[in-house]
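Visitor: Here it is, the structure, as structure tokens.
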Amino acid sequence: MESIYYVMAWACHRKCRHCYEDRFRPYVRDGLESVVREAEENFPRIVDGFPARMTYLDQDDPGPDGAFPEKTGRVILSGGEVLIDPVRERVTYKVIERLAAKYAKQGGVKVVVQTTGDLLTDAIVGDLLDRGVWMISVASVDDFHVGLEGARSKRFVDDLAARFERHGMRRSGLSASTRNWHEEEGPIYSFFGATPDSWIGKLWPRGRAWQNGLSSATLADNFCNRWSGGLNFLRHAYNGSEVSVEPDGSVYPCCVKTKLPIGNLLEDDLIAILDSLTGEPAYEAITMGHPERMGIAHGWSEATFVDRSATVTPQGEPYRNLCIGCDRFHEEVLGAVLESARERRRAMRAAASAPSRSVSPLPASAR
């Protein structure tokens, strides 16, 4: 597989007004211990449920003989904020170590640590590089992050760049909005944020961004039809496939997140989940980047889907985006489809674990 976006824990030291997930926020005392313990207890089984190899065949880069090269995929470790205490020591470092061990003899893996960057120290950068992190990606360079606006953002970037380069890192030469930004030699660093010119600049109709009326997406903004959306998620053997995983093991076909998860890594491995949805019309439509067609087999025409993509914001303004239609179709139709896929996976696990019946040889007199 090319990419897994693994949200390891909900804890964050910020509560940004544009965040797509309200569970990303500061937690204290028992609340903090609860979300850290969830992440700590689940990550071994979650990582064990990742593909046996984090490699893929790149159909966009055939060799001289026309064969598709096998390339190393990436696991993006995110939150929340993965570098806060105690997430850093109890979860982040241990996940990196487990990933390195899992893939050491299976084609490797490129581990990306995504962070706001304002907690990075020389010691932490060293700790990450010592564990084989390939990229540190700073995802806070925009005016939504308090204290990093305008000119302060430039100073912040310059200071961090100098710190990274003291550790022998170099800046990525590829845009974070391109699918193949991981095809560089590491260790490298990058900066991005929810700026108007970025692929997330319109803001997803989710979480606090939705509650605060900040999403400017329209029907023309098809979040599904891009590499960090649902595009190609089912084609796990090839380039372009990415899924998102939550701290409880829930799997989604995009970072935006569908209304319902497609499975859970505490129950099934990732490839089994994806393969169980191959051929399902709704998810084939998502993987092709055309969510407006996901209901055709269930009586929802494209026109119906577009009509159901209309809503009103919490501020009372009319709003229309395909993510809204996707949410409603999941709520009204796809629960039964996902449960059927889950039952098929359960039956396959039971069959695989059932003891094989040995056949006793016939006595000589019966031959």
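The values are calculated or read from the model by the stated rules, or taken from the named source; none is laboratory data. Since the model is a prediction, treat every value here as computed from it, not as a measurement. Using ideal geometry, Cβ is built from the backbone for each residue, glycine included, and neighbour counts are taken over all protein chains shown. Quick note on the areas: whole protein, heavy atoms, side chains included, nothing else; ligands and nucleic acids left out. Shrake-Rupley method; radii C 1.70, N 1.55, O 1.52, S 1.80 Å.
Visitor: Can you give me the number of residues within segment 309-320 that are in contact (Cβ under 8 Å) with a residue 12 or more places away in the chain and assigned to a loop (DSSP other than H, G, I, E, B)?
Guide: Residues that pass the stated criteria total 5.
Visitor: Among the residues of segment 68-82, is there at least one that is open to solvent by 30 Å² or more (accessible area, probe 1.4 Å) and among the small types (Gly, Ala, Ser)?
Guide: No - not one qualifying residue is present in segment 68-82.
Visitor: I'd like the residue in segment 1-36 that is assigned to a loop (DSSP other than H, G, I, E, B) and of a type in the set (Asp, Glu) and, out of all such residues, is most open to solvent (accessible area, probe 1.4 Å).
Guide: The residue in question is ASP22.
Visitor: May I pose another question? Any residue in segment 157-174 that is open to solvent by less than 70 Å² (accessible area, probe 1.4 Å) sitting within a Cβ distance under 7 Å of a residue that is assigned to a helix (DSSP H, G or I)? List the pairs, counting only those 6 or more apart or interchain.
Guide: Note: pairs meeting the criteria are ARG163/ASP122; ARG163/VAL125; PHE164/VAL125; HIS167/VAL125; HIS167/GLY126; HIS167/LEU129.
Visitor: Of all residues being in contact with a Gly (Cβ under 8 Å, 6 or more places away or on another chain) and aliphatic (A, V, I, L, M) in segment 247-262, which is most open to solvent (accessible area, probe 1.4 Å)? Just the residue, please.
Guide: Only one residue fits best here, namely LEU260.
Visitor: So, one more: Across segment 108-131, which residue is nearest to THR72 (Cα to Cα) among those that are assigned to a strand (DSSP E or B) and open to solvent by less than 20 Å² (accessible area, probe 1.4 Å)?
Guide: Among those residues, the one meeting the criterion is VAL111.
Visitor: Separate question: Looking at segment 321-334, can you tell me whether even one residue there is part of a loop (DSSP other than H, G, I, E, B) and open to solvent by 20 Å² or more (accessible area, probe 1.4 Å)?
Guide: There is no residue in segment 321-334 that is part of a loop (DSSP other than H, G, I, E, B) and open to solvent by 20 Å² or more (accessible area, probe 1.4 Å).
Visitor: For SER340, are the conditions met, namely being in contact with a Lys or Arg (Cβ under 6 Å, 6 or more places away or on another chain), at pLDDT 95 or above and of a type in the set (S, T, N, Q)?
Guide: When the stated conditions are applied, SER340 does not pass them.
Visitor: Here is a check on your reading of the model: is VAL35 closer than 21 Å to VAL243 by Cα and touching a helix residue (DSSP H, G or I) at 6+ places or on another chain (Cβ under 9 Å)?
Guide: So VAL35 does not fit the description; no.
Visitor: What tally of residues in segment 37-71 results from selecting those that are outside any loop (DSSP other than H, G, I, E, B) and aromatic (Phe, Trp, Tyr)?
Guide: The total comes to 2.
Visitor: For segment 122-142, which positions are free of Cβ contacts under 8 Å to residues at least 40 places away in the same chain and over 22 Å from the mean Cα position of the chain (by Cα)?
Guide: Across segment 122-142, the qualifying residues are ALA123, ASP127, ASP130.
Visitor: May I pose another question? Which of the residues that make up segment 95-137 are modelled with pLDDT under 95, in contact with a strand residue (DSSP E or B) (Cβ under 6 Å, 6 or more places away or on another chain) and among the β-branched types (Val, Ile, Thr)?
Guide: Passing the criteria: none in range.
Visitor: Another question, then. Would you mind finding the one in ALA285, ALA303 that is in a helix (DSSP H, G or I), modelled with pLDDT of 95 or more and either of a type in the set (D, E, K, R) or open to solvent by 20 Å² or more (accessible area, probe 1.4 Å) (or both)?
Guide: Just one listed residue meets the conditions, ALA303.
Visitor: Give all pairs with beta carbons closer than 7 Å in which a residue from segment 237-257 that is without any contact (Cβ under 8 Å) to a residue 24 or more places away in the chain meets a residue that is hydroxyl-bearing (Ser, Thr, Tyr) and surrounded by 20 or more Cβ atoms within 10 Å (Cβ to Cβ); count only pairs at least 6 apart in sequence or on separate chains.
Guide: Cβ pairs passing all conditions: TYR252/SER244; TYR252/THR258.
Residue-by-condition table, conditions (1) touching a Phe, Trp or Tyr at 6+ places or on another chain (Cβ under 9 Å); (2) of a type in the set (Gly, Ala, Ser); (3) at pLDDT below 75:
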| position | (1), (2), (3) |
| --- | --- |
| ALA139 | yes, yes, no |
| PHE144 | no, no, yes |
| GLU149 | no, no, yes |
| ASP159 | no, no, no |
| ARG166 | no, no, no |
| ALA176 | yes, yes, yes |
| ARG179 | yes, no, yes |
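Visitor: Every residue in segment 23-58 that is among the charged types (D, E, K, R) and under 18 Å from TYR252 (Cβ atoms), please.
Guide: ARG23, GLU38, ARG45
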